[in-house]
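The values are calculated or read from the model by the stated rules, or taken from the named source; none is laboratory data. Keep in mind that this is a model prediction, so the values were computed, not measured. When we count neighbours, we look across all protein chains shown, and the Cβ atoms used for this are built from the backbone with ideal geometry, even at glycine.
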Amino acid sequence: MRHMELRNVLGRDGKMKNSDRTDYDVVLKAVDFLRDSQRDQPALEDLAAHLGYSTAHCQKLFKRWCGLSPKEFLQFLTLDHAKALLDGSASVLDTAHEVGLSGGGRLHDLFVTHEAMTPGEYKRRGAGLEIFYGSVPCPFGYAQIMATERGICGLGFSDDLAGAKASLDDLMSRWPAARFVEKPRLIAGLAARIFDPSRWNPSDPIRLVFIGTAFDIGVWEELLHIGMGQAATYSDIARSIGRPRAQRAVGSAVGRNPISFIVPCHRVLRRDGGLGGYHWGVTRKRAIIGWEAGQLTKAGQQG
């Protein structure tokens, strides 16, 4: 299997730029440092020294990557903040259902539409289906994306291109009988829409295609109701799908989510505010949560 290499990162115009790939490498180190020392509330000087940067460079890097200062970024990664999000978690899903939306604050969230493979298609495991794929830089390392003519059917992550093959193999295993075709331009265009909030458009939603059991798909559909800047617990989701005692099964289905980020399994937290697990790494989960907080902050400032 041959994997494409795009050495730049998607900009607002859909083209590529060089800065964000390096930024994410630094952010990963910063997230781990902030996690390990957050009780001490490290100063900007401490973080900059750990990264080997000046304080001015450190400040600019975070602003460029997510729109937050390092201090603000840390505030969104604390246990107290997670618990605050969960204070209203039980009502998040109820409210979303009541208003008929895929999330409580869709003005600042992805607009998506989705469909499930039919039982027959699921049984055939992708036989007769052509799936396009590629690996492209994104704000969180590299994104591995798969799509059919009907919509996106897989999205995973790797830190670098060396890890892209394992990520793609993971995603492709969901569709073992399909024919896979590498389509760099198509995948780059999809990535530009997925990771640029200015291109999230309710009149032109991103289309998704799910393959899974009826239970899995029910859980993934419920995840779409958790808006950006919100969170829910496994028990909240279990209750919302009418299976209040199926928390463990819900957790397993969340872990099998084939379309990460768009279907926001990263917004599912433990009841105590802990992040829990994440198929693509807990450090990346922290980074995504912080990045989303930055997008909401920027949108609020612009509004």
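Observations
- Residue match in the range 210-226 (condition: under 25 Å from Val31 (Cα atoms) and of a type outside the set (A, V, I, L, M)): no
- Of the residues making up the range 263-301, those that are more than 21 Å from Val209 (Cβ to Cβ) and assigned to a loop (DSSP other than H, G, I, E, B) are Arg270, Arg271, Asp272, Gly273, Gly274, Leu275, Gly276, Gly277, Tyr278, Gly281.
Residues are listed down the side, and each one gets a yes or a no for (1) modelled with pLDDT of 95 or more; (2) among the β-branched types (Val, Ile, Thr); (3) within 22 Å of Ile289 (Cβ to Cβ); (4) out of contact with any helix residue (DSSP H, G or I) (no Cβ under 8 Å at 6 or more places or on another chain):
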residue: Val112; (1), (2), (3), (4): no, yes, yes, yes
residue: Gly120; (1), (2), (3), (4): no, no, no, yes
residue: Gly126; (1), (2), (3), (4): no, no, no, yes
residue: Gly141; (1), (2), (3), (4): no, no, yes, no
residue: Ile152; (1), (2), (3), (4): yes, yes, yes, no
residue: Ala162; (1), (2), (3), (4): no, no, no, yes
residue: Arg174; (1), (2), (3), (4): no, no, no, yes
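- Failed condition for Lys285, given (1) more than 30 Å from Asp169 (Cβ to Cβ); (2) charged (D, E, K, R); (3) free of Cβ contacts under 8 Å to residues at least 24 places away in the same chain: (1)
- Test result for Gly126, touching a residue at least 60 places away in the same chain (Cβ under 8 Å) and crowded, with 24+ Cβ neighbours inside 10 Å: no
- Residues in the range 161-193 that are surrounded by 15 or more Cβ atoms within 10 Å (Cβ to Cβ), over 18 Å from the mean Cα position of the chain (by Cα), aliphatic (A, V, I, L, M) and in a helix (DSSP H, G or I): Leu161, Met172, Leu186.
- Residue count, the range 263-282 (criterion: without any contact (Cβ under 8 Å) to a residue 24 or more places away in the chain and farther than 17 Å from Val250 by Cα): 1
- Listed by position, the helices (runs of 4 or more DSSP H) inside the range 196-262 whose residues that are under 14 Å from the mean Cα position of the chain (by Cα) and buried (at least 16 other Cβ atoms within 10 Å of the Cβ) number at least 2 are 214-223.
- For Gln59, the test of being polar (S, T, N, Q) and modelled with pLDDT under 85 is failed.
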